[in-house]
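Worksheet: the structure to be examined is printed underneath.
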Amino acid sequence: MAEFLQQTINGLAWGSIYALIALGYTMVYGILRLINFAHGDVYMIGAMTGYYVGNFIVRFALPGAAAFPIVLACSMAVCGILGFLIERLAYKPLRGAPRINALITAIGVSLFLEFGAQLWLGADPKFFPTLIDEQPLFAVAGVVVNKIQTVIFLVSLALMVSLRFVVMKTKLGKAMRAVSFSHTASQLVGIPLETIISFTFVLGSMLAGAGGVLVGLSNPKVEPLMGIMPGLKAFVAAVLGGIGSIPGALVG
């Protein structure tokens, strides 16, 4: 029983990371009816950004635990900018084209990020800096929760609650819900469609970047092809929960 509970804790920690990636899939689909297959590779860029920023900060400035919020913020910012560029350069020109064009483009962007990262950063695996140690935080009846798992749970929960607040309680969130319902009707009432689409890509990409850093904490090996399987698993989670539904992506 203890082993089952331990594996459940481990699974929930990984599931929290998959949920952050799945949220990006489901938000983009809700707005554009587009499966952004490059999303898993945005998560990879978040992990690689965390690797370089983390190593720089730990080597020249702060200890690991104090550096973690800075690394997280930098990775989310870089991925947010990347999401904006992907939407503007790759998807916006295809807004009126058949959906198959956007789907093929999404696969092309994914391959571009994967092999561009191999060319620019190198294909060799890199080992994420130790920002938080893996010491047990507490143990109950043989079930151990370590510091990294606790950080993953807390950060994931905070980001999910923040997303829920943005979507349900802010004007931008109300505009996102309107655009997901109808592009035409939202434009008729003065909602800036292109701004909301870009904002959705930025928001989803920032969550993926956070997921990349959290994976780097628990599974220190990062490399340019690391986004393929987590991206597919998060996509399955989004579909399982009902793609287009934010609570569904979390449950999935």
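The values are calculated or read from the model by the stated rules, or taken from the named source; none is laboratory data. A quick note: this is a predicted structure, and the numbers were derived from the prediction, not measured. Positions of Cβ are backbone-derived with ideal geometry, glycine not excepted, and every protein chain shown enters the neighbour counts. Just the protein is used for accessible areas: all its heavy atoms, side chains included, with ligands, DNA and RNA removed. Shrake-Rupley method; radii C 1.70, N 1.55, O 1.52, S 1.80 Å.
Brief remarks follow.
- The residue of region 3-54 that is nearest to VAL155 (Cα to Cα), among those that are touching a Pro at 6+ places or on another chain (Cβ under 8 Å) and open to solvent by 20 Å² or more (accessible area, probe 1.4 Å), is TYR18.
- VAL109 of a type in the set (A, V, I, L, M, F, W, C) and either open to solvent by 90 Å² or more (accessible area, probe 1.4 Å) or under 20 Å from GLY15 (Cα atoms) (or both): no
- Just one of (1) open to solvent by 80 Å² or more (accessible area, probe 1.4 Å); (2) modelled with pLDDT under 85; (3) closer than 27 Å to SER218 by Cα; (4) not acidic (Asp, Glu) fails for PHE127. It is (2).
- Residues that are of a type outside the set (Val, Ile, Thr) and over 24 Å from the mean Cα position of the chain (by Cα) were ranked within region 163-187; the one that is farthest from PRO247 (Cα to Cα) is GLN187.
- Looking at region 137-252, the helices (runs of 4 or more DSSP H) lying wholly inside it that each contain 1 or more residues that are touching a Lys or Arg at 6+ places or on another chain (Cβ under 9 Å), at pLDDT below 85 and open to solvent by 40 Å² or more (accessible area, probe 1.4 Å) sit at 246-251.
- Residue pairs whose Cβ atoms lie under 9 Å apart, sitting 6 or more positions apart in sequence or on different chains, and linking a residue in region 106-120 that is under 17 Å from TYR25 (Cβ atoms) to a partner that is β-branched (Val, Ile, Thr) and open to solvent by 20 Å² or more (accessible area, probe 1.4 Å), are ALA106/ILE35; SER110/ILE228; LEU113/ILE45.
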